[in-house]
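No lab work stands behind these numbers, since they all come straight from the coordinates. Nothing here was measured: the structure is a model prediction, and the numbers come from that model. Cβ sites come from the backbone with ideal geometry, for glycine too, and all protein chains shown count toward neighbours.
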Amino acid sequence: MYDLIVHDWPAVRIPLLALGIWGVTWMIGLMLGFVTRPHAVGPEGIRARSGADLDLDLPWEAVASVEKSRDVREKAPKFADEPHGRTLALRMQDETNVLVVLERPVTVRLGDQVSQVEAVRLWVDDLEGFMTAVRTHIP
């Protein structure tokens, strides 16, 4: 659309074209960061990830419980004080569907914020598969 407006001015048209290509490339990279780095359950514990920004290891020794817990909050902060303690919420479109309550606080660095959390809320696409994998490690 902008190309039709600035078609007669190559000095404006070419930088806008480059900016548009860069923007599309950045958005694809951001999306692939979420697609290729999902939350994971393994023999060592749960790995909670949020794109390239966060890779949090939650060892089984630190996990008290994992439960289905749907939570929807618009424009909620990443860190919040909840009844089970300070909680990190890794939301997808303002929703989480898993609550991991910890035995002991875990230090989380998210950007320039460092905080101790007692629980982590996650959104997982395959909730039943995630919970089945957790049950193999936590009876």
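Inside segment 117-137, can you point out the residues that are surrounded by 14 or more Cβ atoms within 10 Å (Cβ to Cβ) and more than 16 Å from the chain's Cα centre (by Cα)?
Of everything in segment 117-137, those that are surrounded by 14 or more Cβ atoms within 10 Å (Cβ to Cβ) and more than 16 Å from the chain's Cα centre (by Cα) turn out to be GLU118, MET131, ALA133, VAL134, HIS137.
Kindly provide the set of residues from segment 22-62 that are free of Cβ contacts under 8 Å to residues at least 40 places away in the same chain, within 18 Å of LEU90 (Cβ to Cβ) and aliphatic (A, V, I, L, M), ordered by number.
If the condition is that a residue be free of Cβ contacts under 8 Å to residues at least 40 places away in the same chain, within 18 Å of LEU90 (Cβ to Cβ) and aliphatic (A, V, I, L, M), then LEU30, MET31, LEU32, VAL35, ALA40, ALA52 are the ones that fit.
Please verify whether VAL120 is in contact (Cβ under 8 Å) with a residue 60 or more places away in the chain and either at negative phi or of a type outside the set (Val, Ile, Thr) (or both), treating the condition exactly as stated.
So VAL120 fits the description; yes.
Taking segment 1-21, which residues are assigned to a helix (DSSP H, G or I), without any contact (Cβ under 8 Å) to a residue 12 or more places away in the chain and surrounded by 13 or more Cβ atoms within 10 Å (Cβ to Cβ)?
VAL12, ARG13
Every residue in segment 29-69 that is out of contact with any strand residue (DSSP E or B) (no Cβ under 7 Å at 6 or more places or on another chain) and either under 17 Å from ARG109 (Cα atoms) or of a type in the set (A, V, I, L, M) (or both), please.
LEU30, MET31, LEU32, VAL35, VAL41, GLY51, ALA52
Tell me the strands (runs of 3 or more DSSP E) entirely within segment 54-113 that contain at least 3 residues that are surrounded by 15 or more Cβ atoms within 10 Å (Cβ to Cβ).
In segment 54-113, 54-59, 63-72, 85-90, 95-110 are the strands (runs of 3 or more DSSP E) which contain 3 or more residues that are surrounded by 15 or more Cβ atoms within 10 Å (Cβ to Cβ).
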